[in-house]
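In what follows, a single structure is set out as structure tokens and then discussed.
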Amino acid sequence: MNILILGSGVVGVTTAYYLAKQGHEVTVVDRQDSPAMETSHANAGQVSFGYSTPWAAPGIPFKAMKWLTQTHAPLKMSATLDPFQYAWMTQMLANCTESRYAVNKSRMVRVSEYARLSIDSLREETGIRYEDRQQGLTQLFRTEKQIEAVQKDIAVLRDFGVDFQELDIDGAIQYEPALARVKEKFVGALRMVGDQTGDCFTFTNKLADLCKEMGVKFMFDTEIHGLEDKAGEITGVKTSAGTLKADHYVVAMGSFSRHLMKQVGIDLPVYPIKGYSLTMPITNYDAAPVSTVMDETYKVAITRFDDRIRVAGTAELSGYNLEMPQKRLDTISMVVSDVFPEGGDIAKAEYWTGLRPMTPDGTPIIGKTKFSNLSLNTGHGTLGWTMSCGSSRLLADLISGNETEIDPADLDVSRYR
Ligand SMILES: Cc1cc2nc3c(=O)[nH]c(=O)nc-3n(C[C@H](O)[C@H](O)[C@H](O)COP(=O)(O)OP(=O)(O)OC[C@H]3O[C@@H](n4cnc5c(N)ncnc54)[C@H](O)[C@@H]3O)c2cc1C
């Protein structure tokens, strides 16, 4: 089959890989000049299967009210004139019940556990390296209250068979020795044993190179304007390079998927949740993290690459703008300077912002649509890289008509009807 993939972020490129592996002729179209130039560019670097949890959880509405008044809070919101912002927030709040959380969490775990198997075999089959490490994730607590509060999450981890360790601060130092320098600031930790790390930009670009060797074509600098349809089928994609035609079309345009789908009457509840990151060179390897360390108080993740430290966080609802207000950058700089004060050179930090394509229930939207030849792989939110290999491998099987290795039911867009 001739297949057009719209979007060359980590989701579009992993989709291209799994489809090409199944023998399809694949072309990837993107407005940027190379892969992973938007949200997949400088994320936190966690491949965090253990952390695959919906943001919409019991207790979040109360916490959100508190966060909105704090300076260095994990959640920020600016009122916009876009009614979709409020409709999306209403849908998200409706997902904060115990029962909705359980359903959404189980869907996310299904995709991310499959993603774990898929990225492990992808590394084995291809030898792809992306400053990757397989050394777990350490979530740090500054108060006993946080340790009490995390017991609920621990019960969920147990229910879903996720491998974890509850540690006191000395236990955490065994895995992250640099924390010995700041040990008085923390009271304990939770370690996700099976989590991994790496640079999503390098991963996506190296995978795109492998795709090219497999015959995948990439059309960059090409703006996608809309879809043409007739009698229940997509007949073409209108782009700045003319109308492109294929047997099947996959939309993997991250936070911008919603605009395209609206034109053909599909209402995708994917909202751009803005986040920020900084990347700085390591100056003292003994004072740097070994893997990802997550500061629970600020929900900021600090990840070790080979010679660099990546720091990322903040969930901001403020529409599609990519402005970087200094006070947001101050939060991530403050946290890394507090946790790894001598690890890197903050004066040389490069700052970045990206828009997480977020669904109100946290689960990505994977599968076919009302058009027989149009599929979606989008809405991966906070952990898009983590879930990408699982969602893309699943979608490739669905498009090829193969028996799928995990249950695809309730992952496609019809769950919002
Ligand atoms: C601060 C931050 C930290 C994060 N940390 C992590 C993490 O540690 N681990 C993790 O797993 N995930 C993390 N995420 C989430 C993850 O980065 C995203 O879920 C993922 O990158 C989404 O990938 P995507 O391919 O769907 O979207 P994108 O990477 O945005 O790709 C979409 C592509 O579509 C193209 N496109 C859009 N509109 C058009 C158009 N009209 N015409 C042509 N092309 C178009 C864009 O150019 C882009 O290349 C983080 C996100 C942020 C913001």
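The values are calculated or read from the model by the stated rules, or taken from the named source; none is laboratory data. Just so we're clear, the structure is a prediction, and the values are computed from it rather than from any experiment. Positions of Cβ are generated from backbone atoms using ideal geometry, with glycine treated the same way; all protein chains shown enter the neighbour counts.
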Does Ile173 qualify as being in the same structural domain as Gly59 (by TED's automatic domain parsing), in contact (Cβ under 8 Å) with a residue 12 or more places away in the chain and at negative phi? no
Tell me which of these Val28 doesn't satisfy, since it passes every other one: (1) within 12 Å of the ligand (Cβ to nearest atom); (2) touching a Cys at 6+ places or on another chain (Cβ under 8 Å); (3) part of a loop (DSSP other than H, G, I, E, B). (3)
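Hey, among the residues in the range 242-274 that are within 16 Å of Gln85 (Cα to Cα) and part of a strand (DSSP E or B), which one's farthest from the ligand (Cβ to nearest atom)? Steps first, answer last, please.
Taking the range 242-274 as the starting set, the residues that turn out to be within 16 Å of Gln85 (Cα to Cα) are 255-259, 262, 267-274.
When the remaining residues are screened for being part of a strand (DSSP E or B), the result is 271-274.
Numbers: Tyr271: 13, Pro272: 9, Ile273: 7, Lys274: 7 Å.
Residue satisfying both the conditions and the ranking: Tyr271.
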Does at least one position in the range 297-310 carry a residue that is more than 13 Å from the ligand (Cβ to nearest atom) and assigned to a helix (DSSP H, G or I)? no
Could you tell me how many of the residues in the range 149-197 are aliphatic (A, V, I, L, M), closer than 22 Å to Ala57 by Cα and not in a loop (DSSP other than H, G, I, E, B)? 9
Look at the range 224-247 and say how many of its residues are under 15 Å from Ile3 (Cα atoms) and of a type in the set (Asp, Glu). 2
Determine which member of the set Ser8, Ser48 is near the ligand (Cβ under 8 Å from one of its atoms) and out of contact with any helix residue (DSSP H, G or I) (no Cβ under 6 Å at 6 or more places or on another chain). Ser8
Selection within the range 275-289 - over 16 Å from Asp338 (Cβ atoms) and either modelled with pLDDT under 95 or part of a strand (DSSP E or B) (or both): Gly275, Tyr276, Ser277, Thr279, Pro281, Ile282
Going through the range 309-333 in order, the residues found to be crowded, with 16+ Cβ neighbours inside 10 Å and either of a type in the set (A, V, I, L, M, F, W, C) or closer than 11 Å to Thr279 by Cα (or both) are Ile309, Arg310, Val311, Ala312, Ala315, Leu317, Leu329, Ile332, Ser333
Can Ala288 be described as over 22 Å from Ser48 (Cα atoms), in the same structural domain as Pro54 (by TED's automatic domain parsing) and over 18 Å from the mean Cα position of the chain (by Cα)? no
Output the residues belonging to the range 311-322 that are more than 11 Å from the ligand (Cβ to nearest atom) and modelled with pLDDT of 95 or more. none
Applying the selection to the range 63-96, what residues are assigned to a helix (DSSP H, G or I), without any contact (Cβ under 8 Å) to a residue 24 or more places away in the chain and under 20 Å from Thr314 (Cβ atoms)? Lys63, Ala64, Met65, Lys66, Trp67
